[in-house]
Amino acid sequence: MCGIVGAVAERNVTPILLEGLRRLEYRGYDSAGIAVLDQDDCIRRVRRVGKVKELSDALEKNEIRGVLGVAHTRWATHGEPNEKNAHPHVCNDSVVLVHNGIIENHSALREQQSKAGFNFTSETDTEVAAHQVEYYLKLRGNLLDAVRLAVADFEGAYALGVISNSENNRLVATRKGSPLVVGVGIGEYFIASDAAALLPVTRRFIYLEEGDIADIRTDALVIYNDKGEVVEREIKESELSADATAKGEYRHYMLKEIHEQPARLIDILEGRIVDGQLLDSAFGIGSEKILDQVKAVQIIACGTSYHAGLVARYWLEAIAGVPCRVEVASEYRYRKTVLMDDTLVVTISQSGETADTLAALREIKQKTNLTLSVCNVPESSLVRESELTLMTRAGPEIGVASTKAFTTQLIALLMLVVALGKRRGLSEDKIKTLFQQVQSLPVLIESILQNKVAIEAWAEAFTEQKNAIFIGRGTLFPIALEGALKLKEISYIHADAYPAGELKHGPIALIDQDMPTIAIASMDGYEGKIKSNIQEILARGGEVYLFADERMEVSDLGKNCHVMKIPAIDAELAPVLFSIPLQLFSYFVAVHKGTDVDQPRNLAKSVTVE
């Protein structure tokens, strides 16, 4: 997920751009670069592979200064990570451009531009954007017109920052499908992929809407909508401080990361969903050809990521009609396995460095190149070694107990379900409905977060418990597993999870007044069944804590069944929504027990050894 920073000011913008890149490092990247116009209107550019520190060290040895510039952190999609593929891209020593997104029709544009005499110095899709702007700039002599004409030729998603030495006080920015914000200063303006990048210089922001083009000078800002009309966009005062990437007001990183989930679920869609439809290019180079071959899916993961894979199995078979198997990586790698032809192997890992998952992938690559990683760390080994990748964009997750990484994994996997489903007749209407439901999640999650005091009250009653049972049915069974894992990880309470229908096959023998049950139930057609299971628990003296869809009738369950209503949502997306109260519940139990929430005993964030 590339990061963009730009500035036009009456002071040297190089340190502003560099600090902005540092604040975008969480997005993941493999190279970084900066370009400014110096006092002689010459383009000065420095690019480096690796961390922003590499770029910073280079700038100390080769200082560049200017009042107009753009900078970029790149995560490779088209072209390997190297200096020539790093942004900014420059065309004919005239146009400088940075880009976040994917130009879908870059191959056709590249062919046209090659015939027109343009020279290519990189393997990226972005370079065609720089050439196209320069082509129109020569025709029209105006940077704003050139950008407007160029983007009309693009298919796909983009956020662009463009400058030219022909107009030394002008920065043009535009977006479609990828985020871009304008920072408003006093006699200066800035652009960035994320407002956090600009917090040291301003707290006033304009969030560009889809199709907007911003014409920015030190003394003026004019925004045009996708119809070319001048529009006013609200300036919003950010409540975030310059240290917003720290723990901030939250007592623990885990709580902060729980609260970040609405924003992260928005981020994962940006640049990948256009007009309600998913871009196949979100999965990387050559994805269309690979996805076309897939007849089955094998998911391999560990821990929380394994639970995400279990949810995906339900979705793949019910929505996409694709057979799916899910296996724990530490088991898969040590047994003789049979991989059917045309099976897509999906590995899931927050860090991308999980030893068992990596080992399984490396063994599988000897049999097939149909591999996809779902991961949160772009520069990780898992991503580098997989044929296709889908980044979850959760941002740095510091708490050992995964929260936002899990819910973003679920949405990433739903994207895979849609990509495969549409190849098997999944209708456009169904796809749009699914993504509409996804887009409703942030608001629904916020409503749950506002009810956290009630969840904490439940948690306080659990402080002295030693054991617990979690139950769910259908797609909520894996969420029960995840809830039990969270409780174990950070509160050290022994907890097991079962499909609710399995209680009578043994676990119900554990039920008594000292064995509480946490149940989760959506309106998925199983609500009557799980109510029967709850009645069986209550009849044996058990106590139940039920998280239920607000539409579910629960008045007949009795006083020993404590009920908390969860906002209504379609059954397919219930796993994402029901994860939130279980995260909060486990968090508050741990807080009241006084355990180390962010760094629980015996655990590491990433399991990089066996």
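For the reader, a short list of remarks on this structure follows.
- Percent RCO, i.e. relative contact order, over region 450-588, from Cα pairs under 8 Å lying at least 6 residues apart: 29 percent
- Cα-Cα separations in the chain greater than 32 Å, expressed as whole percent: 50 percent
- When Rg and the Kirkwood radius Rh are both evaluated on Cα atoms of region 14-98, their ratio Rg/Rh stands at 0.94.
- Axis angle, to the nearest 10 degrees, between helix 126-140 and the longest C-alpha principal axis of the chain: 40 degrees.
- Region 549-605 shape via C-alpha gyration tensor axes, a/c threshold 1.5: oblate
- Accessible surface for V377 stands near 40 Å², nearest 10, in the context of the full protein assembly shown (1.4 Å probe).
- Backbone phi angles across region 347-364, fed through the Karplus curve with coefficients 6.51, -1.76 and 1.60 (θ = phi - 60°), yield HN-Hα couplings of 9, 10, 7, 5, 7, x, 10, 4, 4, 5, 5, 4, 4, 5, 4, 5, 5, 5 Hz in residue order; Gly and Pro are listed as x.
- Antiparallel bridges, percent of DSSP beta bridges restricted to the chain (to nearest 5): 60 percent
- Global form of region 213-352, assessed from the alpha-carbon gyration tensor, a/c cut-off 1.5: oblate
- In order along region 106-120, the Karplus-derived 3J(HN,Hα) couplings, from 6.51 cos²θ - 1.76 cosθ + 1.60 at θ = phi - 60°, round to 5, 5, 5, 5, 5, 5, 4, 5, 4, 5, 7, x, 6, 9, 9 Hz, and Gly and Pro are given as x.
- Estimated at the nearest 10 Å², the accessible area of C2 is 20 Å² with a 1.4 Å probe.
- Modelled spin labels at A318 and S555, positioned 7 Å past Cα toward Cβ, are 2.9 nm from each other.
- Taking all protein chains as shown and a probe of 1.4 angstrom, M564 keeps an accessible surface of around 20 Å².
- Difference of contour (0.36 nm per residue) and Cα-Cα distance, K227 to R140: 29.4 nm
- Sparse-neighbourhood loop sites, GluC sites (Glu not before Pro) in region 391-491 - DSSP loop, at most 12 other Cβ within 10 angstrom: E464
- Spherically averaged projected area of region 1-143 from its Cα convex hull (nm²): 8.3 nm²
- Selection from A220, G525, A173 lying farthest towards where the dipole of the chain points positive, charges on Cβ: G525
- Accessible area of region 135-241 belonging to carbon and sulfur atoms, whole % at 1.4 Å probe: 44 percent
- Going by accessible surface with a 1.4 Å probe and the largest first, K227, K559 read K559, K227.
- Pairwise label distance in nanometres, I266 with K365, each label 7 Å out on the Cα-Cβ vector: 3.7 nm
- Tensor-based shape of region 422-470 (alpha-carbon gyration tensor, a/c under 1.5 rounded, otherwise prolate or oblate): oblate
- With every protein chain in place, region 69-118: carbon and sulfur % of accessible area (1.4 Å): 43 percent
- A helix-only calculation puts the chain at -10500 deg cm²/dmol for mean residue ellipticity at 222 nm, using -39500 (n - 2.57) for each DSSP H run of at least four residues, averaged over all residues.
- Taking θ as phi - 60° and the Karplus parameters 6.51, -1.76 and 1.60, the scalar couplings of region 454-464 work out to 5, 5, 4, 4, 4, 4, 4, 5, 8, 3, 9 Hz in sequence order, x denoting glycine and proline.
- For K51, the aspartates and glutamates whose Cα comes closer than 14 Å to its Cα, not counting residues fewer than 8 places off in the same chain, are E19, E25, D30, E83, E379.
- The residues of region 1-150 have, on average, 39 Å² of accessible surface per residue, using a 1.4 Å probe with all protein chains present.
- Placing dummy labels 7 Å off each Cα toward the beta-carbon, the span from Q599 to N168 is 5.2 nm.
The values are calculated or read from the model by the stated rules, or taken from the named source; none is laboratory data. Given the structure is predicted, the values throughout are model-derived calculations rather than measurements. Every residue, glycine as well, gets a Cβ built from its backbone with ideal geometry; the counts of neighbours run over all protein chains shown. When the accessible area is computed, the model is the full protein with side chains, heavy atoms only, and any ligands, DNA or RNA have been set aside. Shrake-Rupley method; radii C 1.70, N 1.55, O 1.52, S 1.80 Å.
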